[in-house]
Amino acid sequence: MSGLSLNRIMAVLVKEFTQLTRDRLTYALILAMPIVQLLLFGYAINGDPRNLPTAVLVQDNGTFARSTLGAIRNSGYFDITEVARTTAELDEALALGRVQFAITIPADFTRRVVRGDRATILVEADAADPSATGNAVAALASLPREALRHDLTGPLAARAGAPPPFEVVVHRRYNPEAVTAYNIVPGLLGVILSMTLVMMTSLGVTREYERGTMESLLATPVRPLEVMIGKLAPYVLVGLIQTVFILGLAKLLFGVPMQGGWGALSLGIILFIMGSLALGFLLSTVARTQLQAMQMSFFYMLPSILLSGFMFPYRGMPDWAQAIGALIPVTHFLRVVRGALLKGLGVSDLWPSLGALLVFVLVVVALAMARYRTTLD
Amino acid sequence: MTLAVDVSGLDKRFGDKHVVQNLSIQVETGRITGFLGPNGSGKTTTLRMLCGLLTPDSGEGEVLGLDFRREAERIKRQTGYMTQKFSLYEDLSIEENLAFVARVYSLPDRRRRVTESLERLGLENRRRQLAGSLSGGWKQRLALAACVMHEPRLLLLDEPTAGVDPKARREFWDEIHALSAEGLTVMVSTHYMDEAERCHDIAYIAYGRMMARGTGDEVIARSGLVTFRAEGPGADRLSRKLADRPGVAMAAPFGSALHVSGTDRAALEAAIAPWRRDPLRWTQVEPTLEDVFIHLMNQSRDNFA
Ligand SMILES: Nc1ncnc2c1ncn2[C@@H]1O[C@H](COP(=O)(O)OP(=O)(O)O)[C@@H](O)[C@H]1O
Ligand SMILES: [Mg+2]
């Protein structure tokens with residue numbers, strides 16, 4: 001068995017590229033779709049997620065601290081998943097996205113409450129996705145009055161009245177003004193890329209079968225992997241053009257901040273483009289007609305929009321939905337894009353998501369190769 | 001003599017349809033073999049199995065001296081296959097289609113090969129025209145040019161002239177004979193009698209079975225058919241009356257004349273006796289290939305269908 005032939009790959013690639021540029025629909029799809037979607041989705045989409053993972057740093061071991069923590073838990077919005085020992089640990093949990101909130105109860109909390117000396121607790125929220133934090137933050141407003149109602153009796157009863165016994169200081173990190181567009185627009189990059197790329201390539205093999213050209217193609221010595229590479233390569237270019245276009249619009253129209261993380265972002269984009277293309281190719285080996293291929297790509301788009309954390313906060317979804325979401329590349333891509341653009345995270349921080357994308361690419365390519373028929377049987 | 005194709009015991013089923021049944025075929029190098037038979041008799045399926053596009057359920061043998069089941073890849077490199085339905089890219093130009101083929105076969109000197117091919121076709125001036133906008137005859141010639149570009153040793157043509165006008169068909173056949181003269185082996189399926197007569201050899205299959213094999217003359221001689229021709233006023237209108245009589249295998253009008261055939265001379269003569277008088281003139285003639293084919297078709301229908 002000889003290896004891959006560059007000539008044969010180029011044969012398919014040049015043909016595919018020529019066909020692509022000859023089809024006017026291509027241009028509409030590449031440029032018009034991002035514009036329409038950016039305008040449509042630029043509006044806020046809200047949800048009311050509960051039980052959001054929360055890390056706490058408790059430096060005070062007095063009763064009031066414990067009661068306050070209990071009240072926070074009882075609000076239903078916060079699920080304490082980590083107990084940090086240092087400020088650094090707490091910061092890390094928030095930065096890497098393990099938790100949505102980081103709560104600090106300072107060492108002098110109980111003492112200040114007793115003295116009536118402006119006690120505070122600090123709540124830091126990962127506001128990259130403001131719709132995920134909005135309601136939880138609102139719920140904190142009633143916390144000071146409720147938390148210590150049972151504790152402030154006897155000589156301390158006076159502290160229970162106005163002014164409230166302590167104050168909650170909320171810091172919104174990463175997206176301090178809670179601009180929904182900051183979150184939606186990078187997410188749109190994932191949605192638009194998968195829509196165009198999966199849809200366009202899912203027609204690839206199916207079209208050859210429908211037009212009868214597959215019979216000629218199979219009669220030549222070209223190999224499956226060569227067909228796949230040749231057919232997909234032109235669309236890598238399409239994906240990159242769209243990426244630049246969308247990010248440009250995001251900056252121009254919405255002023256989305258770009259904190260860096262360019263290495264992780266580029267890697268994520270490349271992996272995501274490859275994964276989407278391979279998926280499209282896989283669908284096109286399964287579909288019998290172009291119409292079927294279209295339907296399959298739409299079917300794939302539904303969970304990509306609804307369960308990936310694009311439309312609704314990932315953490316607000318029930319477990320089964322999160323499990324499905326974890327299988328979808330858009331989910332991981334969104335984490336990379338938001339992490340890199342809004343938080344400036346690098347490859348070393350985002351490797352779980354990047355790794356998931358890589359696994360997706362490999363699995364889908366393997367499946368596509370297994371599905372691709374070299375005969376008409 | 002060497003055999004370009006030598007396969008035996010070929011079988012192919014689609015579901016419970018047994019489309020090709022225990023078929024064996026030998027083709028001598030350098031000859032043009034016409035592949036005939038009614039629609040759905042398995043011609044396309046057989047050609048596809050020979051070039052590795054379909055996997056036979058059983059069957060052994062060699063194509064171009066290579067095991068046709070195990071070495072499909074190497075056979076593909078030396079075989080040109082022209083599909084029944086036009087299968088070049090209609091949204092690519094003539095030149096782009098040829099360039100694609102040249103690349104896929106990794107041909108050296110690609111530009112020169114494409115230009116030569118265009119010149120041979122007489123399409124240099126229309127090289128940028130989209131293949132989809134060509135007329136039927138030109139499409140067929142382009143498809144032929146595309147499948148001989150890599151200089152194959154075996155050419156499989158599946159009804160290459162269906163729906164093409166007579167002049168274009170003649171030119172197409174001139175081209176096939178020119179290629180054959182250069183040593184190429186050709187298998188071509190067709191429904192046209194004049195094309196069958198242009199082939200060196202004929203293979204007639206019906207319902208997936210080989211019914212007749214050999215040169216045109218051999219096929220006629222082996223059929224054992226006796227044919228009478230009637231001429232005169234109203235001769236062509238007798239066919240229906242004669243067709244059902246014992247001893248008559250078939251009766252078919254040929255223009256204003258009538259051909260009546262059967263395998264048993266005595267029975268046939270008895271059948272036509274009532275009309276063997278003025279104003280009709282009867283003569284015994286050589287059966288034509290068409291007579292033989294229609295006869296074979298009727299026979300196989302009675303036996304298998
Ligand atoms: N891929 C297929 N699946 C199912 N049936 C098929 C397939 N290809 C051909 N057939 C059937 O096999 C029979 C022979 O077809 P074919 O080889 O195309 O005949 P021909 O070329 O002589 O007209 C027909 O009845 C056809 O319907
Ligand atoms: Mg056919």
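Figures for the structure shown
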| item | result |
| --- | --- |
| Residues of region B:114-136 that turn out to be within 17 Å of B:VAL164 (Cβ to Cβ), out of contact with any Asp or Glu (no Cβ under 6 Å at 6 or more places or on another chain) and among the small types (Gly, Ala, Ser), as a count | 4 |
| Those residues of region B:46-74 which are in contact (Cβ under 8 Å) with a residue 60 or more places away in the chain and outside any loop (DSSP other than H, G, I, E, B), in sequence order | B:THR46, B:LEU47, B:LEU50, B:VAL63 |
| Count of residues meeting criterion [open to solvent by 20 Å² or more (accessible area, probe 1.4 Å) and more than 16 Å from ligand 1 (Cβ to nearest atom)] in region B:185-198 | 4 |
| Residues (in contact with an Asp or Glu (Cβ under 7 Å, 6 or more places away or on another chain) and in a strand (DSSP E or B)) located in region B:181-195 | B:SER189 |
| Tally of residues being within 16 Å of ligand 2 (Cβ to nearest atom) and surrounded by fewer than 15 Cβ atoms within 10 Å (Cβ to Cβ) across region B:114-170 | 1 |
| Number of the exception - A:GLY309 against (1) surrounded by fewer than 23 Cβ atoms within 10 Å (Cβ to Cβ); (2) at pLDDT below 90 | (1) |
| Count of residues meeting criterion [over 25 Å from the mean Cα position of the chain (by Cα) and within 16 Å of A:ALA326 (Cβ to Cβ)] in region A:344-377 | 0 |
| Test: residue in region B:79-87 that is more than 16 Å from ligand 2 (Cβ to nearest atom) and out of contact with any Ser or Thr (no Cβ under 6 Å at 6 or more places or on another chain) | yes |
| Selection from region A:282-299 of residues that are assigned to a helix (DSSP H, G or I), out of contact with any Phe, Trp or Tyr (no Cβ under 8 Å at 6 or more places or on another chain) and crowded, with 21+ Cβ neighbours inside 10 Å | A:LEU282, A:SER284, A:ALA293, A:MET296, A:SER297 |
| B:SER93, sole failed condition from (1) over 26 Å from B:ASN39 (Cα atoms); (2) open to solvent by 20 Å² or more (accessible area, probe 1.4 Å); (3) of a type in the set (Gly, Ala, Ser) | (2) |
| Checking A:LEU376 against (1) open to solvent by 30 Å² or more (accessible area, probe 1.4 Å); (2) hydrophobic (A, V, I, L, M, F, W, C); (3) modelled with pLDDT of 90 or more, the condition it does not meet | (3) |
| Some residue of region B:45-68 being open to solvent by 20 Å² or more (accessible area, probe 1.4 Å), within 15 Å of ligand 1 (Cβ to nearest atom), among the β-branched types (Val, Ile, Thr) and touching a strand residue (DSSP E or B) at 6+ places or on another chain (Cβ under 6 Å) | no |
| Test: residue in region B:183-201 that is of a type in the set (Gly, Ala, Ser) and more than 16 Å from ligand 2 (Cβ to nearest atom) | yes |
| Top-ranked residue of region A:85-129 - restricted to ones that are in contact with a helix residue (DSSP H, G or I) (Cβ under 6 Å, 6 or more places away or on another chain) and assigned to a helix (DSSP H, G or I), ranked as modelled with the lowest pLDDT | A:VAL113 |
| Flag for B:VAL226 being in contact (Cβ under 8 Å) with a residue 40 or more places away in the chain and closer than 28 Å to B:GLY208 by Cα | yes |
| Every residue from region B:10-44 that is buried (at least 23 other Cβ atoms within 10 Å of the Cβ) and charged (D, E, K, R) | B:LYS12, B:LYS43 |
| Within region A:341-377, tally of residues that are away from chain B (no Cβ under 14 Å) and part of a loop (DSSP other than H, G, I, E, B) | 4 |
| Region B:90-126 - residue that is part of a loop (DSSP other than H, G, I, E, B) and closer than 30 Å to A:LEU4 by Cβ and, of those, farthest from the other protein chains (Cβ to nearest Cβ) | B:ASP109 |
| Failed condition for B:ALA251, given (1) away from ligand 1 (no atom under 16 Å from the Cβ); (2) in a helix (DSSP H, G or I) | (2) |
| Index of the failed condition, A:GLY255 passing every other in (1) within 19 Å of A:THR21 (Cα to Cα); (2) free of Cβ contacts under 8 Å to residues at least 24 places away in the same chain | (1) |
| Residue in region B:69-89 that is most open to solvent (accessible area, probe 1.4 Å), counting only those that are within 8 Å of chain A (Cβ to nearest Cβ) and over 24 Å from the mean Cα position of the chain (by Cα) | B:GLU73 |
| Hits in region A:1-27 (condition: within 8 Å of chain B (Cβ to nearest Cβ) and outside any helix (DSSP H, G or I)) | A:SER5, A:ASP23 |
| From the options A:GLY230, A:GLY248, residue that is more than 14 Å from every other protein chain (Cβ to nearest Cβ) and either out of contact with any Pro (no Cβ under 7 Å at 6 or more places or on another chain) or acidic (Asp, Glu) (or both) | A:GLY248 |
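Residue-wise test of (1) at pLDDT 90 or above; (2) assigned to a helix (DSSP H, G or I); (3) aromatic (Phe, Trp, Tyr).
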residue: A:VAL169; (1), (2), (3): no, no, no
residue: A:VAL205; (1), (2), (3): no, yes, no
residue: A:GLU215; (1), (2), (3): yes, yes, no
residue: A:PRO221; (1), (2), (3): yes, no, no
residue: A:ILE229; (1), (2), (3): yes, yes, no
residue: A:VAL238; (1), (2), (3): yes, yes, no
residue: A:LEU253; (1), (2), (3): no, yes, no
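The values are calculated or read from the model by the stated rules, or taken from the named source; none is laboratory data. Note that this is a predicted model, so its numbers are computed, not measured. Glycine gets a Cβ as well: all are built from the backbone with ideal geometry, and neighbour counts include every protein chain shown. When the accessible area is computed, the model is the full protein with side chains, heavy atoms only, and any ligands, DNA or RNA have been set aside. Shrake-Rupley method; radii C 1.70, N 1.55, O 1.52, S 1.80 Å.
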